[in-house]
1. Kindly provide the set of residues from region 57-78 that are closer than 11 Å to E181 by Cβ and either of a type in the set (S, T, N, Q) or without any contact (Cβ under 8 Å) to a residue 24 or more places away in the chain (or both), ordered by number.
2. If I filter region 146-155 down to residues being touching a strand residue (DSSP E or B) at 6+ places or on another chain (Cβ under 9 Å) and at pLDDT below 95, which single residue comes out as surrounded by the fewest Cβ atoms within 10 Å (Cβ to Cβ)?
3. Restricting to region 22-37, count the residues that are open to solvent by 50 Å² or more (accessible area, probe 1.4 Å) and of a type in the set (A, V, I, L, M, F, W, C).
4. Within region 11-21, can you find the residues that are assigned to a loop (DSSP other than H, G, I, E, B) and surrounded by fewer than 18 Cβ atoms within 10 Å (Cβ to Cβ)?
5. List the pairs whose first member sits in region 120-136 and is farther than 16 Å from I162 by Cα and in contact (Cβ under 8 Å) with a residue 12 or more places away in the chain, whose second member is open to solvent by 50 Å² or more (accessible area, probe 1.4 Å) and among the polar types (S, T, N, Q), and whose Cβ atoms are under 6 Å apart, counting only residues at least 6 apart or on separate chains?
6. Does region 22-29 include one or more residues that are closer than 19 Å to F184 by Cα, out of contact with any helix residue (DSSP H, G or I) (no Cβ under 9 Å at 6 or more places or on another chain) and in a strand (DSSP E or B)?
Amino acid sequence: RCSLKQRAVIFEGAVLGDGVTVGQDAVLHPGVKLWPEKSVETGATVRDSVIWGSQASKTLFGRYGVTGLTNVDITPEFAAKLGAAFAGSLPVGATVTINRDEDRSSRMIKRGIIGGLPSAGINVADLRTMPIPVARYITRISDASGGVHVRVAPYDRSVIDIRFVDERGLNLSKDMERSIERVFFREDF
């Protein structure tokens, strides 16, 4: 009961559960497992198994930055990869500020991001726990090239929001978001 759209590519060793939908031009790499009733967006590249989350997406950023269920969509491994992708879109040797709210889940994800940033040649200024307006201001007045804020979503305690800011403390432009997504999905850190 799977639905494979036009030009979908599924490599040898990939496994699809019942009711999976693979969008047009999507690519599933070897060894990927999609559990039943999952969907892959049009044009998405899937390198990791989709077990708990509802879908594999070709975009990371939404209205509130990068958002997903804690330890389902947003894992420490995902956070490290996301940190490396953000670092890959900045000049080598730049500094990035990072902070979080008081929740333990935010602490875990922030540490994952901190693990990924230096792996791509970026210095990290850990601002620890503080509100996002203060972190935006510190990013703006320091020599930082950008910043990251990790918080539990105010509307759902099981969801993590990861907000990225530029050197002025403002939300990233759509072009910068697409640049990070490109680096993330190509794994070109």
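1. As a first pass, look at region 57-78 and keep what is closer than 11 Å to E181 by Cβ: 57-61, 66.
Within region 57-78, S57, T59 meet the criteria.
2. Filtering region 146-155 down to residues touching a strand residue (DSSP E or B) at 6+ places or on another chain (Cβ under 9 Å) leaves 146-154.
Among the residues that remain, those that are also at pLDDT below 95 are: 153-154.
Numbers: A153: 15, P154: 10.
Applying the filter and picking the extreme gives P154.
3. Count: 1.
4. We begin by selecting, within region 11-21, every residue assigned to a loop (DSSP other than H, G, I, E, B); these are 11-14, 17-20.
F11, E12, G13, G17, D18, G19 - these are the residues of region 11-21 that are assigned to a loop (DSSP other than H, G, I, E, B) and surrounded by fewer than 18 Cβ atoms within 10 Å (Cβ to Cβ).
5. Pairs that qualify, where the first residue is farther than 16 Å from I162 by Cα and in contact (Cβ under 8 Å) with a residue 12 or more places away in the chain and the partner is open to solvent by 50 Å² or more (accessible area, probe 1.4 Å) and among the polar types (S, T, N, Q): there are none.
6. Step one: filter region 22-29 for residues closer than 19 Å to F184 by Cα, giving 25-29.
If we keep only those that are out of contact with any helix residue (DSSP H, G or I) (no Cβ under 9 Å at 6 or more places or on another chain) as well, we get 25-29.
From the residues that got through so far, the ones that are in a strand (DSSP E or B) too are 27-28.
Within region 22-29, one or more residues are closer than 19 Å to F184 by Cα, out of contact with any helix residue (DSSP H, G or I) (no Cβ under 9 Å at 6 or more places or on another chain) and in a strand (DSSP E or B).
For (1) among the hydrophobic types (A, V, I, L, M, F, W, C); (2) open to solvent by less than 30 Å² (accessible area, probe 1.4 Å); (3) within 14 Å of the chain's Cα centre (by Cα), each residue gets a yes or a no:
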position	(1), (2), (3)
D126	no, no, no
I132	yes, no, no
A144	yes, yes, no
R157	no, no, no
E181	no, yes, yes
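Each row is one residue, and each column tells you yes or no for (1) modelled with pLDDT under 90; (2) touching a Ser or Thr at 6+ places or on another chain (Cβ under 8 Å).
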| site | (1), (2) |
| --- | --- |
| D18 | no, no |
| V22 | no, yes |
| D25 | no, yes |
| P30 | no, no |
| E37 | yes, no |
| V50 | yes, no |
| G53 | yes, no |
| F61 | no, no |
| T67 | no, no |
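The values are calculated or read from the model by the stated rules, or taken from the named source; none is laboratory data. All figures in this text were calculated on a predicted structure; none of them were measured in a lab. Backbone-built Cβ (ideal geometry, glycine too); neighbour counts: all protein chains shown. To get the accessible areas, we keep the full protein, side chains included, count just its heavy atoms, and leave off ligands, DNA and RNA. Shrake-Rupley method; radii C 1.70, N 1.55, O 1.52, S 1.80 Å.
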